[in-house]
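Q: Dumping the structure here so I can ask a few things about it.
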Amino acid sequence: MTGTPKRDIDARDMEVKKNEDGHHHRHGGKQCRETLTQMSDYMDSGMDPKKAKSLEEHFANCKACLAVMKTLRKTIELFRKKPAQKMPAGVARELHAAIGEKIRGKRKP
């Protein structure tokens, strides 16, 4: 198979670069943080089309955010394919007891 082998994101992906509009971009800045907080709405198609277009433009210029979005999309896809498994009764009882203790500990008499 020919082509470029896949690699993890590294410092080369985080370098400052000019995008198509001539603006500079460094992964990890304000725009990246905003993109990450809006990614769930984008993936659920619950976003204003204008805002979605803005995120898509960001993905086109930021390999790191694009990688996060693709990874999240693949993770969701994998979880949807896997059938839910029933929790063993003993584990369920222990979990409910632990949650109950935590809730009672936060309540003031």
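The values are calculated or read from the model by the stated rules, or taken from the named source; none is laboratory data. Everything quoted here is computed from the prediction, not taken from an experiment. Cβ: placed from backbone, ideal geometry, glycine included. Neighbour counts: every protein chain shown.
Q: Does LEU55 qualify as being surrounded by fewer than 10 Cβ atoms within 10 Å (Cβ to Cβ), aliphatic (A, V, I, L, M) and either in a loop (DSSP other than H, G, I, E, B) or at pLDDT 85 or above (or both)? Spell out the reasoning first.
A: Numbers: surrounded by fewer than 10 Cβ atoms within 10 Å (Cβ to Cβ): no; aliphatic (A, V, I, L, M): yes; either in a loop (DSSP other than H, G, I, E, B) or at pLDDT 85 or above (or both): yes.
Here the answer is no, as LEU55 does not meet what is asked.
Q: In this structure, does CYS65 turn out to be in a helix (DSSP H, G or I) and either of a type in the set (D, E, K, R) or at pLDDT 90 or above (or both)? Quick ask: steps written out before the conclusion?
A: Working: in a helix (DSSP H, G or I): yes; either of a type in the set (D, E, K, R) or at pLDDT 90 or above (or both): yes.
Criteria met by CYS65.
Q: Moving on to the next point. How many of the residues making up the stretch 36-77 are touching a helix residue (DSSP H, G or I) at 6+ places or on another chain (Cβ under 6 Å), aliphatic (A, V, I, L, M) and touching a residue at least 40 places away in the same chain (Cβ under 8 Å)?
A: Residues flagged as touching a helix residue (DSSP H, G or I) at 6+ places or on another chain (Cβ under 6 Å), aliphatic (A, V, I, L, M) and touching a residue at least 40 places away in the same chain (Cβ under 8 Å) within the stretch 36-77 amount to 1.
Q: Could you check, for the stretch 72-88, whether at least one of its residues is at pLDDT 90 or above, within 20 Å of LEU36 (Cβ to Cβ), surrounded by 15 or more Cβ atoms within 10 Å (Cβ to Cβ) and under 14 Å from the mean Cα position of the chain (by Cα)?
A: Yes, the stretch 72-88 contains at least one residue that is at pLDDT 90 or above, within 20 Å of LEU36 (Cβ to Cβ), surrounded by 15 or more Cβ atoms within 10 Å (Cβ to Cβ) and under 14 Å from the mean Cα position of the chain (by Cα).
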